[in-house]
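Engineer: If you scroll down you'll find the structure; I have some questions about it.
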Protein chains: 2
Amino acid sequence: MKQPNIGFFTEENSIETVKSRHKDCDNPRLKKIMDVMIEKIHEAVKEIEPTQDEWMEAIKFLTAVGHKSDDWRQEYILLSDVMGVSMLVDAINNRKPEGASESTVLGPFHLADAPEREMGENICLDQKGSQVLVKGRVLDTEGTPIKDAKIDVWQANDDGFYDVQQKGIQPDFNLRGVFRTGEDGKYWFRAVKPVHYSIPDDGPVGDLTRALGRHAWRPAHLHYILSADGFETLVTHIFDPKDPYIESDAVFGVKASLLCEYQKINDPERAEELNFKNPFLISEHDFILVRKS
Amino acid sequence: MKQPNIGFFTEENSIETVKSRHKDCDNPRLKKIMDVMIEKIHEAVKEIEPTQDEWMEAIKFLTAVGHKSDDWRQEYILLSDVMGVSMLVDAINNRKPEGASESTVLGPFHLADAPEREMGENICLDQKGSQVLVKGRVLDTEGTPIKDAKIDVWQANDDGFYDVQQKGIQPDFNLRGVFRTGEDGKYWFRAVKPVHYSIPDDGPVGDLTRALGRHAWRPAHLHYILSADGFETLVTHIFDPKDPYIESDAVFGVKASLLCEYQKINDPERAEELNFKNPFLISEHDFILVRKS
């Protein structure tokens, strides 16, 4: 029979009751995180009012996302990505002053040991795709060139796959390179125009996004990590503004400031110097780094 | 350089941007669930402001909870349990009218095929623990006895383990039984006084609760499923009010109405009838079922 449920869990007191159990936690940060997670999850459950079957579906989904993850596939990061959580965490950790280049997500395909290359080198080792000269400057927020800035760039090939996704098919370190600026802060290298590609959609996250009526495409982009002594490291992409998925990136990575056009250049002499067919493409973008405070 | 980010994801518009992607979802219930989950998870991230390392810790934790789960162990249900989510879902799905017996969580140890037993039989097959006569009535909310009510009861043994956790150690179907009431709605059977036991704490959920300064104990209880034609099925426990963990059940299952004392009985003649040693225990509780509407 119903009695006043003093001291015990109820639908009404659920948040306070559960939080009170870790009131003596000696890790204040963990305590804060769990306080908020319990508040928000209980609020969600109270608003959704899941049936027992729906709750079990959620348990099975979360378990399947874990089971799909291994050393090569991280389905929980993918879930975080498609829910916009990865970009939100990125935004919170990379609030930049006016005028500075903006960040976006790192993604799973960076390699720490990509080769250092001479400025101007061609990072495309598989001879596929539309040839492009990528160039620009690395500057501080006052517009002064940054010397010895390190530019770590990587991209998918013309088939939409990174070298690490096609070991034995693509040459090792295809479409990757590390460049260092000189006194003038300038960078330039040869690459191919990136293409849009699908995030892995053969797991539970793909099933979820399909059920939600969402597509799995990421608009074409080059990845960058820019670093220099005394400056905050910048992890970002530069996107093709004409990509059909530019306004619907499956992982919400696009920002207006990260768009950069591909200009068609008709200049046989310059093409020959670059060992390109004429006409070719140029994509020019300046990166603005923030001095460490 | 920073530009108005029209149409793209920002820290400020993150919830609306992510939700807008599934605006054409043809499953309104899934759409509603994901709307709420995105709102609450983004609200949590904005309040917590996790570092990238903390985000990665969360990814690793969620993955580990998945990896710990298999056909025999469901670590995500355990996570739901210790966060009070299982009890909240149970509460939402089992709002009872005044006077009706209240529900609590099912737990993982129910067996669908426990043996039917004669009223009065002893469900304890391993001869351990304090002997107890469990008795009472099954009534409707007007106090009328319910005939042919099915009482499915199970409990841990005196060592704190269910038979299914100790296959080959405990007899099969130890401390389980299905009983049916007669005209008078009465039930009685012989069992042992339950003891408190620990939820499985050798996985990531155990690591979390320890880090939070929480214990893993569940106060002593008997599990019940009560069902009868024309009545809502009741899934519940009956707890020992004197258990040291009665106010701190690791999974928040206790309700004031689910407490039932163990009375010591000194009656050599009755003990002999029951094939008990004198003195022995009696625990008497009436269950009140709700007529289906």
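Engineer: What's the minimum Cβ distance from chain B to the axis relating it to A, in whole Å, and which residue gives it?
Structural biologist: Residue plus distance in Å, as requested: B:66, 1.
Engineer: If you don't mind, another one. Please give the charge dipole size of chain B, origin at the Cα centre, charges +1 on K and R Cβ atoms and -1 on D and E Cβ atoms. Round to the nearest 20 debye.
Structural biologist: 300
Engineer: At each listed q (0.11, 0.19, 0.26, 0.27 Å⁻¹), what is the log10 of I(q)/I(0) that the Debye formula gives for segment B:130-204 modelled as equal alpha-carbon point scatterers?
Structural biologist: Evaluating at q = 0.11, 0.19, 0.26, 0.27 Å⁻¹ gives log10 I(q)/I(0) of -0.39, -0.85, -1.15, -1.20.
Engineer: Which one of A:275, A:223, A:91 has its Cα pushed farthest toward the positive end of the charge dipole of chain A, where Lys and Arg give +1 and Asp and Glu give -1 at the Cβ?
Structural biologist: Value: A:91.
Engineer: Just how far, in whole angstrom, is segment B:244-275 from segment B:70-129 if you go by their alpha carbon centroids?
Structural biologist: About 17 Å separates the Cα centre of segment B:70-129 from the one of segment B:244-275.
Engineer: Within segment B:127-149, name every residue whose backbone N is under 19 Å away from a label modeled 7 Å from Cα of residue B:172 along the Cβ vector.
Structural biologist: So the set is B:127.
Engineer: On to the next question. Return a whole-number percent for the relative contact order of chain B, with Cα pairs under 8 Å and 6 or more residues apart as the contact set.
Structural biologist: The value is 20 percent.
Engineer: Give me, ordered by chain and number, the residues 5 or more places off residue B:122 or on other chains with an amide H under 5 Å from its own placed amide H.
Structural biologist: Those lying under 5 Å, H to H, from residue B:122 are B:190.
Engineer: Restricting attention to segment A:190-293, which GluC sites (Glu not before Pro) occupy a DSSP loop and are surrounded by at most 15 other Cβ atoms within 10 Å?
Structural biologist: Working: sites: A:232, A:247, A:261, A:269, A:272, A:273, A:284; in loops: A:232, A:247, A:261.
In loop regions of segment A:190-293 (DSSP not H, G, I, E or B), the sparsely surrounded GluC sites (Glu not before Pro) are A:247, A:261.
Engineer: Enumerate the amide H contacts of residue B:137 below 5 Å, restricted to partners 5 or more residues apart or on another chain; note that Pro and chain-start residues carry no placed amide H.
Structural biologist: Counting only residues 5 or more places away or on other chains, the set is B:187, B:285, B:286, B:287.
Engineer: Here is a follow-up. Using +1 on the beta carbon of Lys and Arg, -1 on that of Asp and Glu, and nothing else charged, what's the dipole of segment B:14-108 about the Cα centre, debye to 20?
Structural biologist: Around 360 debye, computed over segment B:14-108.
Engineer: While we're here: Once the principal axes of the Cα atoms of segment B:1-118 are found, what is the range along each, listed largest first in whole angstroms?
Structural biologist: Result, largest extent first: 80, 35, 28 Å.
Engineer: Once phi is turned into θ = phi - 60°, what whole-Hz ³J(HN,Hα) does the Karplus curve with 6.51, -1.76 and 1.60 give for every residue of segment A:267-275, x standing for Gly and Pro?
Structural biologist: 7, x, 5, 5, 4, 5, 4, 7, 6
Engineer: Please report the Cα spread of segment B:68-178 along all three principal axes, rounded to whole Å, starting with the longest.
Structural biologist: Principal-axis extents of the Cα atoms in segment B:68-178, largest first: 44, 36, 25 Å.
Engineer: Once the label point is set 7 Å along the Cα-to-beta-carbon vector, what list of distances in nm do you get between residue B:233 and its counterparts in the other copies?
Structural biologist: Ordered by distance, the counterparts are at 5.5 nm.
Engineer: Let me ask another. Any chance you could list the semi-axes, whole Å, largest first, of the equivalent ellipsoid that the Cα gyration tensor gives for segment A:218-265, using √(5λ)?
Structural biologist: 23, 14, 8
Engineer: Averaging over all projection directions, find the projected area of the Cα convex hull of segment A:17-73 and quote it in nm² with one decimal place.
Structural biologist: Approximately 5.7 nm², given one-decimal rounding.
Engineer: Once you place label points 7 Å from the Cα toward the Cβ at residue B:272 and residue B:229, how far apart are they in nm?
Structural biologist: Using points 7 Å along Cα→Cβ, the separation is 4.3 nm.
Engineer: How far apart, in nm, are the 7 Å Cα→Cβ label points at residue B:13 and residue B:126?
Structural biologist: Those two pseudo-labels are separated by 6.2 nm.
Engineer: Another one. To the nearest 0.05, how large is the calculated FRET efficiency for residue A:198 and residue B:188 if R₀ is 60 Å and r is the Cβ-Cβ distance?
Structural biologist: Taking R0 as 60 Å, the efficiency between residue A:198 and residue B:188 is 0.40.
Engineer: Cα convex hull of the protein assembly as shown: mean projected area in nm², to one decimal?
Structural biologist: 31.9
Engineer: If I model a spin label as a point 7 Å beyond the Cα along the Cα-Cβ vector, how far apart are those points for residue B:54 and residue B:159 in nm?
Structural biologist: Label at residue B:54, label at residue B:159, 4.4 nm between them.
Engineer: So, one more: So for segment A:82-289, what are the equivalent ellipsoid semi-axes in whole Å, largest first, each being the square root of 5 times an eigenvalue of the Cα gyration tensor?
Structural biologist: 27, 22, 16
Engineer: For a quick check of your reading of the filter: which GluC sites (Glu not before Pro) in segment B:60-148 sit in a DSSP loop and have no more than 13 other Cβ atoms within 10 Å?
Structural biologist: Here the sparse-neighbourhood loop sites are B:98, B:118, B:142.
Engineer: Sticking with this one: Helix-only estimate, please: 222 nm mean residue ellipticity of the protein assembly as shown, summing -39500 (n - 2.57) across DSSP H runs of length 4 or more and dividing by its residues, to the nearest 500.
Structural biologist: -8000 deg cm²/dmol
Engineer: Work out the charge dipole of chain A with +1 on the Cβ of Lys and Arg and -1 on the Cβ of Asp and Glu about the Cα centre, then indicate which of A:170, A:265, A:123 is farthest towards its positive end.
Structural biologist: The Cα lying farthest towards the positive end belongs to A:123.
Engineer: Are there chymotrypsin sites (Phe, Trp or Tyr not before Pro) in segment B:53-125 that DSSP puts in a loop and that have at most 10 other Cβ atoms within 10 Å, and which ones?
Structural biologist: Passing both the DSSP loop test and the Cβ count: B:72.
Engineer: Using each residue's phi in segment A:119-130, evaluate 6.51 cos²θ - 1.76 cosθ + 1.60 at θ = phi - 60° and report the 3J(HN,Hα) Karplus result to the nearest Hz, with x for Gly and Pro.
Structural biologist: Calculated HN-Hα couplings, in order: 3, x, 4, 9, 7, 7, 9, 10, 6, 10, x, 7 Hz.
Engineer: Over 21 Å, how big is the tail of the calculated P(r) for segment B:193-293, in percent of all Cα pairs?
Structural biologist: Working: 2667 of 5050 pairs.
The proportion of pairs with Cα distances above 21 Å equals 53 percent.
Engineer: Right, next: Could you go through segment A:12-17 in sequence order and give the Karplus-derived ³J(HN,Hα) for each residue, using 6.51 cos²θ - 1.76 cosθ + 1.60 with θ = phi - 60°, rounded to whole Hz, and x for Gly and Pro?
Structural biologist: Listing the rounded values in order: 6, 9, 4, 5, 5, 5 Hz.
Engineer: Sticking with this structure for a sec: With both bridge residues required to lie in the protein assembly as shown, what share of the DSSP beta bridges run antiparallel, to the nearest 5%?
Structural biologist: 75
All of the numbers you see were taken from the coordinates with simple rules; none came from a lab. Please read all numbers here as calculations on a predicted model, not as lab measurements. Cβ: placed from backbone, ideal geometry, glycine included. Neighbour counts: every protein chain shown.
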